[in-house]
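Notes for the one structure printed next.
The values are calculated or read from the model by the stated rules, or taken from the named source; none is laboratory data. Quick caveat, the model's predicted, so the values are computed rather than measured. All Cβ positions, even for glycine, are placed from backbone atoms using ideal geometry, and neighbour counts span all protein chains on display.
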Amino acid sequence: MAGGPKVRRSGSSRRPAQAGGRRRIAWIGLGTVLVVLAVIVAAAVWRAGGPRGSGPAASNPGGGTGRSGGPPVSDALLRKLTTIPAAVFDAAGGAELPAPQTAPPGTQVPAAPGAQSKPTLLYVGAEFCPYCAAERWALVVALGRFGSWQGLELSRSSSQDVYPDTPTFTFLHAQFSSPYLAVRTVELTGRAPGPDGRYPPLQSPTPQEEALMSRLDPDGSIPFLIVGRTYWIGSPVAPEALQGKSWDAIASEVAQGRTATAKEVLAAANQMTAAICRVTGGKPAEVCSSPAVKGVKLP
């Protein structure tokens, strides 16, 4: 199955498995009965050799437990990521990335609250997940071309997992406003495991969202991103290159587009932009008609 690095969707840390040369973490569907969830997660962790996140809870950038986001993203940082010149996007391209997947005809993304007649983009991830951490950089950049973010917070992936403490954002308290599309984000769990070794639950998909994800990826993985019939299972951005860098340093790299990391983030953002343009009817025209976006070949 095509896709980028992925991780297990779970309340506990799992060692990523290799699938087609690309890491992923499969997910376990969240039920409404917490006892059932605990049993399922505990069994998954046991099969994986026990919880890796059993140490003391790690702090996120604001010094909290990691269960409720982190400090707000500064206006200056957000501006770097959402006012990138068109020439920088065009230089990065996007056609060279692995192609996303296409859902069967008739597939519909459940409408986000307040979507009205606008199409919905659905993202499902978790704060502990390093691949979700990497993908959020591209998604924040891509969506910045269609609207504005409010409530974004700084965060890191788990300090107990692979690529520990990858700098990122959390969508836990974020909202996105756009005249072109609605955005629905779900952060399943926090980044700091509790005394039982499980990451604390934060948000849950609706039954309709669960059903959609189960159909498109029976194995189950995060991050999961879909707009229209185009979807990604796993991140097109690798977390390795983000290690040891500050948010401002990464944002500066991306805004200038000169490093390999920046080009990967921008190429992924171009690919996401092309998929969004499919469902917005090519609006806004100045974005959707750009050379890099038009050059992306979606299945």
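Condition check: of a type in the set (D, E, K, R) and either under 14 Å from the mean Cα position of the chain (by Cα) or within 27 Å of Pro72 (Cα to Cα) (or both). Does Arg215 satisfy that? Break it down stepwise before answering.
Details: of a type in the set (D, E, K, R): yes; either under 14 Å from the mean Cα position of the chain (by Cα) or within 27 Å of Pro72 (Cα to Cα) (or both): no.
When the stated conditions are applied, Arg215 does not pass them.
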Per the filter on the range 182-229, residues β-branched (Val, Ile, Thr) and either free of Cβ contacts under 8 Å to residues at least 40 places away in the same chain or buried (at least 24 other Cβ atoms within 10 Å of the Cβ) (or both) are Val183, Thr189, Ile222, Ile226, Val227
Only residues that are of a type in the set (Gly, Ala, Ser), at pLDDT 95 or above and either surrounded by fewer than 19 Cβ atoms within 10 Å (Cβ to Cβ) or not in a helix (DSSP H, G or I) (or both): list them for the range 239-261, please.
Ser246, Ala249, Ser252, Gly257
The listed residue being of a type outside the set (A, V, I, L, M, F, W, C), under 15 Å from Ala133 (Cβ atoms) and touching a residue at least 40 places away in the same chain (Cβ under 8 Å), out of Pro284, Pro236
Pro236
Test for Ser235: is it among the small types (Gly, Ala, Ser), buried (at least 21 other Cβ atoms within 10 Å of the Cβ), in a loop (DSSP other than H, G, I, E, B) and at pLDDT 95 or above
yes
Considering only strands (runs of 3 or more DSSP E) wholly within the range 69-164, the ones with at least 2 residues that are closer than 21 Å to Gln243 by Cα and at pLDDT 95 or above are 153-156
